[in-house]
Amino acid sequence: MSLRAETREDLCRRLETAEGHIRAIRRMAEEGRNCEQLLLQLRAVRAALDKASGLLLREHLDQCLRTAIAGGDRDAALAELEAVVRYLVP
């Protein structure tokens with residue numbers, strides 16, 4: 001199942017935010033900025049990516065798994081959920 005338009009737009013916004021932070025980090029590193037400033041930006045990237053992951057997980061639960069469960073394929077839906085959680089939890 002593909003992403004809903006609103007989710008796709010939100011995801012793209014979040015990824016643009018992360019991309020902007022990454023560009024800033026590279027620029028700051030090239031300028032020789034201090035570690036604290038770089039670490040702060042890295043934390044911002046991680047937060048943006050975590051929010052994007054959460055958005056996708058909610059979309060997946062709402063669209064894909066709900067559909068599978070409603071179709072009576074509960075075991076397959078649970079196996080898929082387990083696989084998705086493995087992506088998110090190192």
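A few comments on the model shown:
- Over the chain, accessible surface divided per residue gives 75 Å², non-protein components excluded, 1.4 Å probe.
- Residue separation of Leu61 and Leu88 scaled by 0.36 nm, minus their Cα-Cα distance, works out to 8.3 nm of gained length.
- The peptide list 7-18, 68-79, put in order of mean Cβ contacts within 10 Å with the highest first, becomes 7-18, 68-79.
- 13 Å tail of the calculated P(r), segment 1-40, as % of Cα pairs: 60
- Across segment 83-89, coupling constants 3J(HN,Hα) worked out from phi with the 6.51/-1.76/1.60 Karplus curve, θ = phi - 60°, read 5, 5, 4, 4, 5, 8, 10 Hz, and Gly and Pro carry x.
- The distance between label points at Met28 and Ala76 comes to 4.6 nm (points 7 Å beyond Cα on the Cα→Cβ vector).
- Residue by residue, segment 32-45 carries 3J(HN,Hα) couplings of x, 5, 6, 4, 4, 5, 5, 5, 4, 5, 4, 5, 5, 5 Hz when phi is fed to the Karplus relation 6.51 cos²θ - 1.76 cosθ + 1.60 (θ = phi - 60°); x denotes Gly or Pro.
- Kirkwood-type hydrodynamic radius, the chain: 15.0 Å, calculated from all non-identical alpha-carbon pairs.
The values are calculated or read from the model by the stated rules, or taken from the named source; none is laboratory data. Bear in mind that the values here come from a model prediction, so they are computed numbers and not experimental data. Cβ sites come from the backbone with ideal geometry, for glycine too, and all protein chains shown count toward neighbours. Note: areas computed on protein heavy atoms with side chains; ligands, DNA, RNA excluded. Shrake-Rupley method; radii C 1.70, N 1.55, O 1.52, S 1.80 Å.
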